[in-house]
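Worksheet: the structure to be examined is printed underneath.
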Amino acid sequence: MDFTMALVSEFLGQLTLNFGGESEPKFPTVVTARDFDPAKDAARIETAVKTKGVDELTIIDILTRRSYSQRREIAFEYEKRSKKDMITALKGALSGSLEAVILGLMKSTAQYDASEIKGSIKGLGTDEETLIEMVCSRSAEELVEIKRVYKELFKKELEKDVAGDTSGDFRSLLLALVQAKRDEPSNIVDYEKIDQDARALYEAGVKRKGTDVATWITIMSERSVPHLQKVFDRYKSYSPYDMQESIRKEVKGDLEKSFLTLVECFENKQQYFANRLSEAMKGKSAKEKVVTRIVVSRCEVDLMKIRTEFKKLNQKSLYQTITEHTKGDYQKVLLSLCGGDD
């Protein structure tokens, strides 16, 4: 009896894991280190920072092979030892792209995302590309956490900052996403609602003159991801074009980019990031900001799966591509976060 009950409760546990309330499964390349000794790590980093010419390799070796919570412990031990703040010490010792990666690793994923969003709307002009990537590729759960951390870090509401920096339908879409009202995935497939939504998307766009963007925004910001995947599939029985083609025909500019990013992420988020990484490493030299942002923000989330998608897309591993398009310590830190070759 007990054994059967245990099996049943385990099965139910698996069910709740897959439906509702639970975060997406993780595929990190950076995981908690075993036999972890924060005091020893802190001492090694202190020596590395003080060395004439700075021992970057030791800093890279330690910080890319520890989880975020372990890096926090090292920083705590560092301050106990040297009476100095480790982040300030790292800032003083490092520069350029390596510094950007290492300081990024000293933030939690949500803190990093929040500061990247803040950076994209600070000062003159908005970096829409970054803003679109950050808001449209994050799950509702991640966005709730980003909003909380954003307020903590910058004493401002994310919604207000986004609203103040964007306009029109683009603003409406981003605000709808930032409100994180997306339904939880359900284990009941509602075919009638799938059909209604598919038809509504078609009637709001391809079927009429002009686009009823509000309808698109509502459906794409409030329905669960598994539901939307089925909606886009059903959509093809109404429209001569698939959802991505329809978006390209109906809207332009930042709004188009945002809708396309959403649809790509609903269909295969890791493939979206793999595409972004390919694009960023097309030319002779890499677009370092994009590469840094994706590798740092996803290394404890799903970079392992992004690597797989990257290899499928390019017939070449992410590791090899980074090797070809970057150099020096920046290359070393990225390769270490990448966690191996495929």
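Within the stretch 49-63, the set of residues being open to solvent by less than 20 Å² (accessible area, probe 1.4 Å) and either touching a residue at least 40 places away in the same chain (Cβ under 8 Å) or of a type in the set (Ser, Thr, Tyr) (or both) comprises ILE59, ILE60, LEU63.
Evaluating LEU105 against the criteria (1) open to solvent by 20 Å² or more (accessible area, probe 1.4 Å); (2) within 23 Å of TYR68 (Cα to Cα) leaves one unmet condition, (1).
With the structure loaded, tell me whether VAL149 is touching a residue at least 12 places away in the same chain (Cβ under 8 Å), assigned to a helix (DSSP H, G or I) and in contact with a Leu (Cβ under 7 Å, 6 or more places away or on another chain) or whether it fails that test. So VAL149 does not fit the description; no. For the stretch 108-130, a tally of residues being of a type in the set (Gly, Ala, Ser), open to solvent by less than 50 Å² (accessible area, probe 1.4 Å) and either more than 28 Å from GLN271 (Cβ to Cβ) or over 14 Å from the mean Cα position of the chain (by Cα) (or both) returns 2. Before we move on, is ARG307 in a helix (DSSP H, G or I), over 13 Å from the mean Cα position of the chain (by Cα) and either modelled with pLDDT under 95 or buried (at least 22 other Cβ atoms within 10 Å of the Cβ) (or both)? For ARG307, the condition - in a helix (DSSP H, G or I), over 13 Å from the mean Cα position of the chain (by Cα) and either modelled with pLDDT under 95 or buried (at least 22 other Cβ atoms within 10 Å of the Cβ) (or both) - is met. Scanning the stretch 80-100 for residues that are buried (at least 16 other Cβ atoms within 10 Å of the Cβ) and either in contact with an Asp or Glu (Cβ under 9 Å, 6 or more places away or on another chain) or farther than 16 Å from ILE62 by Cα (or both) turns up SER82, MET86, ALA89, LEU90, ALA93, LEU94, SER97, LEU98, ALA100. I'm trying to understand the selection: among the residues of the stretch 189-217, which are of a type in the set (A, V, I, L, M, F, W, C) and closer than 11 Å to VAL231 by Cβ? Across the stretch 189-217, the qualifying residues are ILE194, ALA198, ALA200, LEU201. Pairs please, first residue from the stretch 271-284 and modelled with pLDDT of 95 or more, second anywhere and open to solvent by 70 Å² or more (accessible area, probe 1.4 Å) and not in a helix (DSSP H, G or I), Cβ atoms under 9 Å, 6+ apart in sequence or on different chains. What qualifies is GLU279/LYS287; ALA280/LYS287; MET281/LYS287. The residues listed here are GLU159, GLU133; of these, the one that is in contact (Cβ under 8 Å) with a residue 12 or more places away in the chain and open to solvent by 30 Å² or more (accessible area, probe 1.4 Å) is GLU159. Taken over the stretch 34-48, the residue count meeting the criterion of being farther than 19 Å from LEU103 by Cα and open to solvent by less than 90 Å² (accessible area, probe 1.4 Å) is 3. With the condition kept exactly as written, say whether any residue in the stretch 317-328 is open to solvent by 30 Å² or more (accessible area, probe 1.4 Å) and within 30 Å of ASP233 (Cα to Cα). No.
The values are calculated or read from the model by the stated rules, or taken from the named source; none is laboratory data. The shown structure was predicted, so the numbers you read here are calculated from the model rather than taken from an experiment. Reconstructed Cβ throughout: ideal geometry from the backbone, glycine too, with neighbour counts over all protein chains shown. Just the protein is used for accessible areas: all its heavy atoms, side chains included, with ligands, DNA and RNA removed. Shrake-Rupley method; radii C 1.70, N 1.55, O 1.52, S 1.80 Å.
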